[in-house]
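Scroll down for the structure; my scribbles are underneath it.
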Amino acid sequence: MLSADFLYISSVISDENSSIMKPEDVKVLNFDHLTFWVGNAKTASSYFVTRFGFTPLAVKEASEDNPRLSYAVRLNKITIAFESPTKSHGEIAKDLEAHGDFVKDVAFEVNDLHELVKRSKKEGAVIVKDVTVEKDDHGTIKYAVLRTYGDNTHTLIDRSDYNGVFLPGYTAMEDDPLNKLLPDTNLTFIDHVEGNIGDGTLSDSVSWYERNLNMHKFWCVDYSHDLVPYSCINSASVINQNETVLLSMNEAAKGLRPSSKVTEFVKSLGTSGVEHIRSLKARGAEILTWPPKYYEMIKDKLKSSSVNVKETIEELEQENILIDFDEKGYMLQAFTKHLQARPTVFIEIIQRRNHKAASYYISRFGFEPLGYQGLETGSRRIVSHAVRLNKIIFILQAQYEPQETEFVKEVAFHGDFVKDVAFEVENLDFIVEYARKQGAVIVKDIWEESDKNGIVRMAVLKTYGDNTHTLIDKSKYRGSFLPGYQTQDSDPIQKFLPKVEINFIDHVVGNQPDNEMETAASWYEKCLQFHRFWSVDDKQIFTEYSALRSIVMANWEETVKMPINEPAPGKKKSQIQEYVEYYGGAGVQHIALNTEDIITAVENLRARGVDFLSIPSSYYTIIRDRLQHSKVKGFGAGNFKTLFESIEYEQERRGNL
């Protein structure tokens with residue numbers, strides 16, 4: 001069955017002769033904002049900025065008392081907040097492990113918070129958070145949180161005494177420079193929010209909105225009106241009193257096959273949840289395509305209709321736009337492909353007359369899509385997007401279904417992280433056997449993958465923490481990347497943005513807990529025959545408050561460098577220790593990318609909206625004669641210390657020093 005849970009914007013109609021509202025006057029006024037719970041709030045918000053034209057609105061930094069990072073973005077009347085956990089436990093981490101990135105909350109502005117909450121309590125609603133007051137210099141916000149279907153909630157907000165940019169505790173952000181380079185999307189407001197729910201719960205869900213939020217049923221259809229050859233759905237919508245805020249809910253109905261798009265959604269999300277939000281339009285987002293016979297059918301239907309359609313059928317087909325019409329007018333719709341790895345959340349672009357992490361590296365750093373591996377290519381559990389910039393290749397992966405696997409456990413524990421650093425090798429058999437004799441843990445022994453372009457041989461070794469190294473022999477392969485990956489077209493967003501000339505990976509840095517650096521360094525010596533390229537101790541890299549020790553390991557040709565850091569005792573917690581605590585152990589801290597023109601590269605990256613660390617002004621007063629790192633045998637100890645100081649400054653701002 002398919003049921004609808006949409007809300008429309010409604011205005012307050014009060015009795016001029018009475019200050020007491022009647023029960024029917026207590027209502028939802030409009031959509032206030034949506035909240036996504038995501039693994040990485042920064043990259044998720046960046047996707048909506050670059051692809052849909054949103055503007056950064058406000059940020060709420062994480063702290064010991066607030067272990068979540070929040071970014072809010074806005075486009076006209078549409079406001080979305082993205083929240084991600086900074087610790088491996090807690091409600092957000094638990095829900096992300098179960099569902100992946102998802103819409104957690106649909107917030108409504110209301111006209112009488114206390115009365116609406118009182119009504120909901122009387123009707124038996126689950127009150128997640130009772131009426132709460134928060135203040136800052138801009139005034140007072142009152143809100144409460146109700147539980148709805150699945151793990152979703154509705155926050156009810158009274159902002160009548162608040163004139164801040166978003167919510168108390170948030171700091172306003174500047175506009176993203178990318179928006180000056182990209183075309184406007186002209187999206188204005190949320191048309192509706194739609195949720196898929198479990199079988200047999202449609203009537204109860206509709207009733208919940210009628211009883212608790214004073215809404216009424218707007219429309220409903222059964223499977224006979226929404227039938228495809230293999231699956232079908234039931235659907236219903238509820239709407240507020242002024243019919244300005246609409247919510248739709250869908251439920252699977254029996255078809256020739258056991259799975260419908262609603263069943264797939266619930267299976268992938270693990271429960272009921274929000275499916276799509278209308279009135280968003282993508283810049284560079286992928287749009288679903290429709291079979292040509294659909295447009296042939298529309299042509300025939302229009303011949304017998306009196307509706308005057310402005311657009312031609314050819315235009316609609318070219319842009320993959322659907323149309324529906326009756327005697328009163330017509331509606332145009334386009335649907336993006338799913339925004340997350342799991343086939344759950346997507347965007348519907350709608351016009352009524354009388355609509356991902358790899359995207360971050362594409363839009364911000366200038367990477368191009370390289371390859372895709374997912375459901376369409378036969379990968380049923382993991383989806384992979386590979387992107388490339390010159391000699392740099394990143395693979396970004398996610399799991400489809402909410403099964404408890406090593407993948408899900410590690411992402412829930414660490415957050416988004418670098419799992420594997422792959423090395424190309426010439427003699428795979430010798431290297432694996434040598435590492436085995438030295439005591440290396442072989443996560444996956446040598447195996448082959450092939451396609452029409454040849455054969456690739458691989459093996460996986462365990463290194464520090466939960467990290468691995470994949471050893472790859474591509475000597476008999478002539479494809480663009482790896483077998484099993486579908487090639488991807490260039491991203492259209494690049495034609496609007498300045499080119500970034502970054503060439504290759506210079507080094508990959510791993511942070512270790514205290515007293516584990518030497519063990520990690522020795523592993524590279526014993527198992528991969530690396531040598532010690534450079535080292536520094538806490539007598540060289542220190543500040544007034546903290547210090548670190550570091551060893552750089554390199555391969556024989558010194559084309560691969562792996563710095564390994566550990567914290568050293570100081571007056572306060574070092575940034576290495578902060579990393580270890582937030583990440584949950586040893587792991588990759590940063591990836592250094594090489595360029596031949598750092599001035600132009602940084603200028604163009606800034607123009608693309610990349611944030612850089614601030615460097616203390618004192619650095620430049622003592623460094624005038626120092627040259628840019630180029631063909632230098634050392635590893636830049638002076639710059640290393642300055643980097644440490646800069647990160648410590650950011651650490652202090654987070655309240656973790």
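Coordinate-derived values only; no laboratory data. Please read all numbers here as calculations on a predicted model, not as lab measurements. Positions of Cβ are generated from backbone atoms using ideal geometry, with glycine treated the same way; all protein chains shown enter the neighbour counts.
Using each residue's phi in the range 33-50, evaluate 6.51 cos²θ - 1.76 cosθ + 1.60 at θ = phi - 60° and report the 3J(HN,Hα) Karplus result to the nearest Hz, with x for Gly and Pro.
6, 10, 10, 9, 9, 9, x, 9, 5, 5, 6, 5, 5, 4, 4, 6, 5, 6
Within 10 Å, count the other beta carbons around each residue, average over each peptide in 414-426, 235-247, and list them highest first.
Highest to lowest by the protection proxy: 235-247, 414-426.
Tell me the volume per residue, in Å³, of the convex hull enclosing the alpha carbons of the range 365-492.
Value for the range 365-492: 135 Å³ per residue.
Past 23 Å, Cα to Cα, is the threshold; run 129/217; 444/474; 60/94; 121/142; 94/129 against it and keep the listed order.
Values: 129/217 27 Å; 444/474 17 Å; 60/94 21 Å; 121/142 17 Å; 94/129 19 Å.
129/217, as the Cα separations exceed 23 Å there.
Can you run phi through the Karplus equation (6.51, -1.76, 1.60; θ = phi - 60°) for the range 587-600 and list ³J(HN,Hα) in whole Hz, with x for Gly and Pro?
Values per residue, Gly and Pro as x: x, 6, 8, 8, 10, 8, 10, 8, 9, 8, 9, 5, 5, 5 Hz.
Per-residue HN-Hα couplings for the range 87-95, Karplus 6.51 cos²θ - 1.76 cosθ + 1.60 at θ = phi - 60°, whole Hz, x for Gly and Pro?
With the stated coefficients, the range 87-95 comes to 10, 7, 10, x, 5, 5, 4, 5, 5 Hz.
Exceeding 23 Å between C-alpha atoms, which entries from my cross-link table qualify? They are 391/499; 42/135; 77/104; 42/561; 462/561.
Distance filter (> 23 Å) returns 42/135; 42/561.
Bin width 5 Å, origin at 0, all Cα-Cα pairs of the range 23-180: what percent of pairs per bin?
2, 9, 16, 21, 21, 17, 10, 4, 1, 0, 0
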